[in-house]
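Q: Here you go, one structure.
The values are calculated or read from the model by the stated rules, or taken from the named source; none is laboratory data. Bear in mind that the values here come from a model prediction, so they are computed numbers and not experimental data. So basically every Cβ, Gly included, is an ideal-geometry build from the backbone, and we count neighbours across all protein chains shown. All accessible areas refer to the heavy atoms of the entire protein, side chains included, with ligands and DNA or RNA removed. Shrake-Rupley method; radii C 1.70, N 1.55, O 1.52, S 1.80 Å.
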Protein chains: 2
Amino acid sequence: MLDDTALDTILRAARTQNAWTDTPISAETLHALYDLLKFGPTSANCSPARFLFLHSRAARERLVPALSPGNVAKTMSAATTVIVATDPLFYDKLPELFPHADARSWFAGNAALAEETAFRNGTLQGAYLIIAARALGLDCGPMSGFDRATVDAAFFAGSGWKSNFLVNLGHGDPAAVFARSPRLAFAEACEIL
Amino acid sequence: MLDDTALDTILRAARTQNAWTDTPISAETLHALYDLLKFGPTSANCSPARFLFLHSRAARERLVPALSPGNVAKTMSAATTVIVATDPLFYDKLPELFPHADARSWFAGNAALAEETAFRNGTLQGAYLIIAARALGLDCGPMSGFDRATVDAAFFAGSGWKSNFLVNLGHGDPAAVFARSPRLAFAEACEIL
């Protein structure tokens, strides 16, 4: 079991960041981040998420036209912005990722199952990225407020990947964190049978 | 930053479990689990996931008709099985969860946006449940192999919640863990711009 400090770091005290210090993140840290999040479980190890790190200022400037106005300043001042994306053809990697069975065939002819599996498991991996970043001492600012079609045209015209959500990464400025919003009580969100 | 032991516990050494010891989980632990996972971030704090803990053997027996055959024995021997579900009417809680704006109106008249937001954020919360359970010293066995319509009819006819995925919880038997499958290399899953 994790100690209180670690529980605070990954969930209890961690907060979505709205402003950033100018401390950079190294490329080595981005590799360490992937090498941690990649171990999170996915269905049949399908691992459909793809991660495009917009590490240079020039790369982030290409993202600006797709952002909600309220997300522009914090994105441009973050050390890095990750586009958490999904590869719709994730199943072509299954012979490598799940060699025990012909898992590719479960999805290759079933577009609805492939799409649902990609969205569910790619999103799980996006959550693992958030937790892994916090575990490595980084702060996160996840964002859903952007135009997906614009992002996909700007960054994924070649690969066919689809954007899911964005995460700013860096070292946050605690003065810009909002007051914490309430969470649902156990009895509103859970039931024990 | 978390130490090596904690990183191993939440991601690096944690493994999907296929068999379980008979050590039970208390209802207090299920409350502690929710009180940890609930702090994970969701878009506009929308918190659409709902968690039905099938804690009694009788409750899990009602799940069996919906399970893939390979998932029956491990589910019946787990201490608890969680149905990670989603409330399609999650936006009715937004006046409580996000009092800063009329966030309910963003979703109440836009079924496509509501459905996508519920699936994305409910799945993020399912990942937080997996990590939170490991952080509290539990083992997990997430499962997608089940019939959603059967589960929804058996458990959610009254609430209208929709099943997303299942997670067995308990204390795993390390002898039943499979060899770890490979993960994609950084260059296959990531790019830095």
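Q: Using a 10 Å cut-off on Cβ to Cβ distances, tally the other chain neighbours for every residue of A:178-187 and report the average as a whole number. Walk me through the numbers on the way to the answer.
A: Numbers: counts 2, 1, 2, 9, 8, 11, 12, 4, 7, 0.
Partner Cβ neighbours, averaged per residue: 6.
Q: Give A:Lys93/B:Lys162; A:Lys74/B:Lys38; B:Lys93/B:Lys162; A:Lys38/A:Lys162; A:Lys162/B:Lys93 a once-over and call out the pairs whose C-alpha atoms are over 28 Å from each other.
A: On the way: A:Lys93/B:Lys162 30 Å; A:Lys74/B:Lys38 25 Å; B:Lys93/B:Lys162 17 Å; A:Lys38/A:Lys162 19 Å; A:Lys162/B:Lys93 30 Å.
The answer is A:Lys93/B:Lys162; A:Lys162/B:Lys93.
Q: For label points placed 7 Å from Cα toward Cβ, what is the shortest-first list of nm distances from B:His100 to its copies?
A: Copy-to-copy label distances for B:His100: 4.5 nm.
Q: Further question on the same structure: Can you give the Rg to Rh ratio for the protein assembly as shown, taking only C-alpha atoms and Rh from Kirkwood? Don't skip to the end; give the middle numbers.
A: Working: Rg = 19.8 Å, Rh = 21.1 Å.
We get a ratio of 0.94 for the protein assembly as shown.
Q: In nm to one decimal, list the spacings between the B:Glu116 label point and its equivalents in the other copies, with label points set 7 Å along Cα to Cβ, shortest first.
A: 1.9
Q: From largest accessible area down, sort A:Met143, A:Met1; use a 1.4 Å probe on the protein chains.
A: Working: A:Met143 10, A:Met1 150 Å².
The residues order as A:Met1, A:Met143, largest area first.
Q: Starting from the residue with the highest accessible area, list A:Arg148, A:Arg62, A:Arg12 in decreasing order, probe 1.4 Å.
A: On the way: A:Arg148 55, A:Arg62 115, A:Arg12 80 Å².
Ranking A:Arg148, A:Arg62, A:Arg12 by accessible area, largest first, yields A:Arg62, A:Arg12, A:Arg148.
Q: If packing is taken as the average number of other Cβ atoms within 10 Å across a peptide's residues, how do A:16-27, A:34-45 rank, most packed first? Can you show the working numbers first?
A: Details: A:16-27: 15.4, A:34-45: 21.1.
Ranked from most to least packed, the peptides come out as A:34-45, A:16-27.
Q: Let me know the mean shielding of B:133-144 by other chains, meaning the per-residue number of their Cβ atoms within 10 Å of its Cβ.
A: Partner Cβ neighbours, averaged per residue: 3.
Q: Sticking with this one: Taking a label point 7 Å from Cα toward Cβ, how far is B:Val177 from its twins in the other copies, in nm, shortest first?
A: When each copy's label point is compared with this one, the spacings are 3.2 nm.
Q: Translational diffusion coefficient of segment B:83-193 at 4 °C, 1.567 mPa s, Stokes-Einstein with Kirkwood Rh over Cα pairs, in µm²/s as a whole number. Mind dumping the intermediate values first?
A: Values: Rh = 16.9 Å.
The Stokes-Einstein estimate is 76 µm²/s.
Q: Across peptide A:8-19, what mean number of C-beta atoms from other chains lies inside 10 Å of a residue's C-beta?
A: Numbers: counts 1, 3, 10, 11, 5, 1, 3, 2, 3, 0, 0, 0.
Counting other chains' Cβ atoms within 10 Å and averaging over A:8-19 gives 3.
Q: When only alpha-carbon atoms are used, what values of Rg and Dmax, in angstrom, describe segment A:1-136?
A: 17.2, 48
Q: Let me ask something else about it. How much accessible area is lost when chains A and B come together, counting both sides, with a 1.4 Å probe, in Å² rounded to the nearest 100? Don't jump to the answer; show the numbers that get you there.
A: On the way: alone 10750 and 10760 Å², together 15070 Å².
Buried area (both sides, nearest 100 Å²): 6400 Å².
Q: When Lys and Arg each count +1 and Asp and Glu each count -1, what net charge do the other residues less than 11 Å away from B:Thr5, Cβ to Cβ, add up to? The partial results should precede the final answer.
A: On the way: positive: B:Arg12; negative: A:Asp3, B:Asp3, B:Asp4, B:Asp8.
Within the 11 Å Cβ shell, the charges total -3.
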